[in-house]
Amino acid sequence: MPRDACWVELDELAIAELSALLRRAQSIIIPILPSPIDMRAATPFIHKVLDNSRVARKEARVALVANRCRENYNIYHQLDAYLRKVRKAPFISVLRETQNYVRAAERGLGVFELAPYAVRKDLDQWEPIIRWLNSKRSQPVR
């Protein structure tokens with residue numbers, strides 16, 4: 001990147017592919033990390049998804065998830081407030097920061113495949129996501 005650049009557009013390929021991906025999507029979950037940088041970076045992406053014609057016509061549905069959160073940190077409360085302000089997409093769950101995901105990935109597993117006693121809190125946090133995916137709220141209008 002040139003030192004004298006005033007601005008740089010990143011992820012152009014991903015944005016170009018976004019419309020193609022949204023043409024096939026029915027339910028879209030957007031995870032957002034609890035940091036000011038991630039919230040600022042997510043804002044244009046969320047708007048691009050929500051402004052997509054299929055999403056606007058409710059042929060594809062969108063939900064938001066707070067990801068890798070520590071609920072006792074101030075930044076979590078900022079993320080919570082940020083996600084609740086997005087009017088066109090429900091904020092459906094918070095996934096905590098935990099090594100359980102790392103342990104599962106190291107073993108080539110998902111968190112649902114680990115011993116239930118070790119991941120109970122994580123499974124509880126996934127429940128609203130699964131409920132949303134199985135509900136009419138996540139289904140396109142036909």
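The values are calculated or read from the model by the stated rules, or taken from the named source; none is laboratory data. All values reported here derive from a predicted model rather than from experimental measurement. For neighbour counting, all protein chains shown are included, and Cβ atoms are generated from backbone atoms with ideal geometry for every residue, glycine included.
Some points to look at:
- The set of residues in segment 22-42 that are of a type in the set (A, V, I, L, M), assigned to a helix (DSSP H, G or I) and more than 11 Å from A60 (Cα to Cα) comprises I37, M39, A41, A42.
- Members of segment 63-93 that are within 16 Å of I46 (Cβ to Cβ), basic (K, R) and in a loop (DSSP other than H, G, I, E, B): K85, R87, K88
- Pairs where the first residue, in segment 101-127, is more than 23 Å from L64 (Cα to Cα) and the second is assigned to a helix (DSSP H, G or I) and among the small types (G, A, S), C-beta under 9 Å, 6+ apart: R103/A118; E113/A104; L114/A104
- Of all residues in segment 36-79, those that are touching a residue at least 40 places away in the same chain (Cβ under 8 Å) and of a type in the set (D, E) total 1.
- Restricting the first member to segment 131-142 and to residues that are closer than 13 Å to V65 by Cβ, and the second to residues that are at pLDDT 95 or above and part of a helix (DSSP H, G or I), the beta-carbon pairs closer than 6 Å and six or more apart or on different chains are S138/W132.
- Where P36 falls short, out of the listed (1) surrounded by 12 or more Cβ atoms within 10 Å (Cβ to Cβ); (2) touching a helix residue (DSSP H, G or I) at 6+ places or on another chain (Cβ under 9 Å): (1)
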